[in-house]
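S.K.: Let me begin by handing over the structure; questions about it come next.
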Amino acid sequence: MMKCGWCALFLIFIITICTVVAPAESARSLKYRRNVSPNYLLISSSTSTEKYAVIFDAGSTGSRVHVFRFDRDLNLLQIGNDFEFYLATSPGLSSYADDPDAAAQSLKPLLDQAEAVVPQELRPQTPVRVGATAGLRQLSGDTSERILQAVRELLKSQSNLYYKAEWVSILDGFQEGSYMWVAINYLLGNLGQEYSSTVGVVDLGGGSVQMAYAISEEAAQNAPKSTLEEDDEYVQEKDIKGTKYYLYAHSYLNYGLNAIRAGILNLTGGHGNPCVINGYQGTYEYSGEVYKVSPPPSGTSIRKCLAVTRKALNLDANCPYNNCTFNGVWSGGGGDGQKNLYVASFFYDTAAWADIVDQSTTSVKIRPMVYLAAAKSACATNVNDIKAKYPHLEDRNMPFLCMDLVYLYALLVDGFDIDPLEEVTAVQKIEYKGSEIGAAWPLGCAVDVLSPSKSHLLD
């Protein structure tokens, strides 16, 4: 009996020590992982059913890291109080054109904090992907490749995450479009269903615009090969959440919002552009070129602006296919996968600048004609009055509001052949399990890279 009593006292002593020591260890972890919710660090206990993905978005204005956590069925799990860990830094990698090592090191603080979110035992099997977009594409010579190689060396030597050299790259046009399609359909709960239950996506960035939607197997078998240099094929097969999709996607380089401003200004030279707000005099720089920005002596004109914009879209380009969009590109043929269309990024942002949408609403039904109606008002505004009329408009976008709104209308109606009265959904975020998650390609990339049957994109 005496021995059993001593055993009981010893057991109580051990439990007390564990209870006191454990919070101290958690406190040290909290200090290190200061950007992670304390609730997550205190209750998290990783299991083999969890999967993580670390995705870097290396854009022209800055670099961003996203960490996502999934269950075995690829449903998002929370990291603390959110469904992703997110951290950003600026400037972007392209700002270090003369120093590739400095470019890579600019990602180190993001890498350290992202890796700290992933449980230590899961890091060797957690993929890390770096996708560069417009900024690196515009660098001359082998500059972009030298920067990417420096990033590869960083991940290889200073990270315990699962890394492949080919996962550090400039995203091609198909990847940009398809990842955004995956992200939006994932958040809407459409993946795993028939292709006809998915939505089409148009993502308007700064340097390019992407169209992506699912088509039937029969349409995929009859799809043409692209004749454009930057693309080898229009349709690729993807297996996501146990379902095979035939995905049409195309990226129109130089038709993003920032790029098309330069294109429209270039068409009128220095003689004044009918899309520029009345009273404005200045310059615009894009991709190393400087353009004069001013209206013509006759003033801003929405009719003339629309004509110039349609010319910039190159609607009359030679196209060897039956169904074409603009600039000689095959449209994908349409179908059920395109009947519900979500338009993202600058489609939403520009609508917010022009007060078309309430900024407290992150997803809204809108008709292309609404952009044209807003353009009529913006094009009639003088530079002295525009800030008062559009308080959400940043100074750098002020001279281009007329131009931007006209372009959004022309792109949808003339470029993608959308009826002016057809409703599309302009989206910034999508509700998911009671939270709002940003509609962006890194989530689609994470789902793609963790899908049991790898897609053609990552082979």
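The values are calculated or read from the model by the stated rules, or taken from the named source; none is laboratory data. This is a predicted model, so every value here is computed, not measured. Quick reminder, even Gly has a Cβ in these numbers, built from the backbone with ideal geometry, and neighbours come from all protein chains shown.
S.K.: Whether any residue in region 176-185 is outside the structural domain of residue 137 (by TED's automatic domain parsing), closer than 25 Å to residue 104 by Cα and touching a strand residue (DSSP E or B) at 6+ places or on another chain (Cβ under 7 Å) is what I want to check.
M.R.: Yes: one or more hits.
S.K.: Quickly run through region 47-70 and pick out the residues that are under 11 Å from residue 133 (Cα atoms) and of a type in the set (D, E, K, R).
M.R.: Residue satisfying the conditions is 57 alone.
S.K.: Hand me the list of helices (runs of 4 or more DSSP H) wholly inside region 79-163 holding 2 or more residues that are closer than 27 Å to residue 286 by Cβ.
M.R.: 100-105, 134-137, 143-158
S.K.: Moving to a separate point now. Name the residues in region 281-308 that are part of a loop (DSSP other than H, G, I, E, B), within 32 Å of the chain's Cα centre (by Cα) and under 21 Å from residue 384 (Cα atoms), would you?
M.R.: 294
S.K.: Considering only residues that are out of contact with any Asp or Glu (no Cβ under 9 Å at 6 or more places or on another chain), more than 24 Å from residue 75 (Cβ to Cβ) and buried (at least 21 other Cβ atoms within 10 Å of the Cβ), which ones fall in region 155-203?
M.R.: 155, 168, 171, 202
S.K.: Would you be able to say whether some residue in region 241-257 is in a strand (DSSP E or B), aliphatic (A, V, I, L, M) and either crowded, with 23+ Cβ neighbours inside 10 Å or modelled with pLDDT of 90 or more (or both)? Working first, answer last.
M.R.: Here is the first cut: in region 241-257, the ones in a strand (DSSP E or B) are 243-253.
Within this subset, residues satisfying the condition of being aliphatic (A, V, I, L, M) are 247, 249, 253.
Right, trim to either crowded, with 23+ Cβ neighbours inside 10 Å or modelled with pLDDT of 90 or more (or both) and you get 247, 249.
Checked against the condition, which is being in a strand (DSSP E or B), aliphatic (A, V, I, L, M) and either crowded, with 23+ Cβ neighbours inside 10 Å or modelled with pLDDT of 90 or more (or both), region 241-257 yields at least one hit.
S.K.: Identify the single condition in (1) buried (at least 24 other Cβ atoms within 10 Å of the Cβ); (2) out of contact with any Pro (no Cβ under 9 Å at 6 or more places or on another chain) that residue 236 does not satisfy, given that it satisfies every other one.
M.R.: Every listed condition holds for residue 236 apart from (1).
S.K.: Residues to consider are 214, 183, 165; find the one that is among the aliphatic types (A, V, I, L, M) and without any contact (Cβ under 8 Å) to a residue 24 or more places away in the chain.
M.R.: Details: 214 fails: without any contact (Cβ under 8 Å) to a residue 24 or more places away in the chain; 183 fails: without any contact (Cβ under 8 Å) to a residue 24 or more places away in the chain.
Testing whether each residue is among the aliphatic types (A, V, I, L, M) and without any contact (Cβ under 8 Å) to a residue 24 or more places away in the chain leaves just 165.
S.K.: Assess whether residue 114 counts as being touching a His at 6+ places or on another chain (Cβ under 9 Å) and modelled with pLDDT of 95 or more.
M.R.: Taking the combined requirement at face value, the residue satisfies it.
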